[in-house]
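Structure first, then comments.
The values are calculated or read from the model by the stated rules, or taken from the named source; none is laboratory data. Since the structure is predicted, the reported quantities are computational estimates derived from the model, not experimental observations. Glycine gets a Cβ as well: all are built from the backbone with ideal geometry, and neighbour counts include every protein chain shown. What goes into the accessible areas is simple: the full protein's heavy atoms, side chains included, and nothing from ligands, DNA or RNA. Shrake-Rupley method; radii C 1.70, N 1.55, O 1.52, S 1.80 Å.
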Amino acid sequence: MRTKFPILFGLIVALSWGVTAQDFGGIITESFDVDTSAESAPSWANNLNLVLYFDWKSDSWQFQSQGSLTHNYRSDQSQLFHADLDIFRFQYVFLGILGDASALQLDVGRFNYTDSSGLVINTNIDQFTSRLDWSTLDATLGAGYSGLVSKYTSRILYNLKDAIDSGDSAIYLASPRLFAWLSLGWEPLPLAKIEAGYLRQQDLRAYVNSQYQPAQDGDLLFKPANPPPFDTNYFLLRFDWGLSNLGLKLGLSGALSQGNSLTHVNLEGYKSIAHLGWAAEGRAEWQILQETGSLQFRGLIASGDPAERTYFYEGGSIGETLPSLSTFRSASPAGIGKVFQPMIGNLALVGLKWSHRPWKTPAFTMWSGLEYSLEVLTSFRMNKGAISVVTNANSDQYYLGTELIASINWNIFSDFSLGMTSAWFVANQGSGGVFQNTREAFESQNSLVLRVIF
């Protein structure tokens, strides 16, 4: 069980200017997965994860740490042992720095960073962040580095070198990239917020790896294992609005990705081509049935390139020179779907999800933690060029497929829960389809998850 108690030692009290509290414990998660498809034999995997966490805080500061140990075994005899420091964060808050309604929060260490649009990056990085809250305004300034985080946690993918390294078991760390950001937020009305931001991403592989020799402008030979660096500027916008009387939450996000891509053109060699991509997302959530059920809608579109672009990631090769490259560049996967999990870029998606807790009443104490959800996701590509998974290069079709996801999560006790998920992706792999000869007609992923908190 998790425990909280005051630290009574005088020295610690003096350092914290008041009473401090500790929260520590762990989580054991056991997951058993079975994957099936139209033609291949079923495969299974067992995933055991141990998380230990520690939280120490007072009124003005907080220290958080979390480490994890994972063992994954698959029926194809592949297995992975993975240890990682997930969180190591120190936070300090200065109250009243610009008056009674203001606060300055400083955070340093390793923890999650999500950009203000939610479309570019959502992953752990080592970072420093400062946030100033002043009445209805807030401003955030920060910078972080991804190259010391495990690639299994980070999953940052920009160019072909990142994609190659992600499948190399000898490489443990994520893509070495520097991120710096600024965002400004305003709450003009209760439950309404407008946020604008800027994010800079810079490839540092050439600086941290002396053996890395990237392709240069004018090189005729295609070097997929040594693609040129790719740096990006992002301009971000987000709007959230809540209507409490209707139980409705609305959201709209947008992002522009701008940079310069050194790309290999067949028979011409590497050329510098301007990059400008965009992405937009709309969200709606409606709380109904006395707050026990919710209906969620998600619509997402992201720019893409024509069929001349046969490689999704930067540093690839194109059939002929294009005036500009338009595929939106996200830094990490967006967590779309269970079976089909594309990166945002040359993608359009529409999703609808229903969640319900049927017995959220004191009379059903044990059953009150039961929740089920049903979700459908339909995806398309925006243009005939590449997406982040292998496709039929000769296809002129846009429809990718539809995924159905059913899940049950049951918090039986405060420290014990059970979860079951079944996801089925029906791909467009018929004659002339986007996934002809690359995917089977359907694929499914089914999992049983047990979680114990101590």
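Search the stretch 67-106 for residues being aromatic (Phe, Trp, Tyr) and open to solvent by 80 Å² or more (accessible area, probe 1.4 Å), and hand back the single one that is farthest from the chain's Cα centre (by Cα).
The selected residue is Phe94.
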Counting only residues that are open to solvent by 50 Å² or more (accessible area, probe 1.4 Å), touching a residue at least 60 places away in the same chain (Cβ under 8 Å) and in a loop (DSSP other than H, G, I, E, B), the stretch 421-442 contains a total of 0
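Going by the structure shown, is Leu173 farther than 27 Å from Ser58 by Cα, in contact with a strand residue (DSSP E or B) (Cβ under 8 Å, 6 or more places away or on another chain) and at pLDDT below 95?
On the way: farther than 27 Å from Ser58 by Cα: yes; in contact with a strand residue (DSSP E or B) (Cβ under 8 Å, 6 or more places away or on another chain): yes; at pLDDT below 95: yes.
Answer is yes for this residue.
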When Asp126 is run through (1) crowded, with 16+ Cβ neighbours inside 10 Å; (2) in contact (Cβ under 8 Å) with a residue 60 or more places away in the chain, the failure sits at (2)
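Name the one entry in Gly185, Gly242, Gly218 that is closer than 18 Å to His264 by Cα and modelled with pLDDT of 90 or more.
On the way: Gly185 fails: closer than 18 Å to His264 by Cα; Gly242 fails: closer than 18 Å to His264 by Cα.
None of the other options fit; the residue is Gly218.
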Within the stretch 313-352, residues being out of contact with any Leu (no Cβ under 9 Å at 6 or more places or on another chain), modelled with pLDDT of 95 or more and either aliphatic (A, V, I, L, M) or not in a loop (DSSP other than H, G, I, E, B) (or both) number 1
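Any idea how many residues of the stretch 134-170 are open to solvent by less than 50 Å² (accessible area, probe 1.4 Å) and either within 19 Å of Pro224 (Cβ to Cβ) or not small (Gly, Ala, Ser) (or both)? Lay out the reasoning, then the answer.
From the stretch 134-170, those open to solvent by less than 50 Å² (accessible area, probe 1.4 Å) are 138-140, 142-144, 146-147, 149-151, 153-154, 156-163, 165; that's our starting set.
From the residues that got through so far, the ones that are either within 19 Å of Pro224 (Cβ to Cβ) or not small (Gly, Ala, Ser) (or both) too are 138, 140, 149, 151, 153, 156-163, 165.
So the count comes out to 14.
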Those residues of the stretch 174-216 that are open to solvent by 20 Å² or more (accessible area, probe 1.4 Å), part of a strand (DSSP E or B), more than 15 Å from Ala331 (Cβ to Cβ) and out of contact with any Lys or Arg (no Cβ under 6 Å at 6 or more places or on another chain) come to a total of 8
Counting only residues in the stretch 36-70 that are modelled with pLDDT under 95 and charged (D, E, K, R), the one farthest from Ile125 (Cα to Cα) is identified as Glu39
Within the stretch 370-384, is there a residue that is under 27 Å from Ser31 (Cα atoms), in a loop (DSSP other than H, G, I, E, B) and of a type outside the set (Lys, Arg)? no
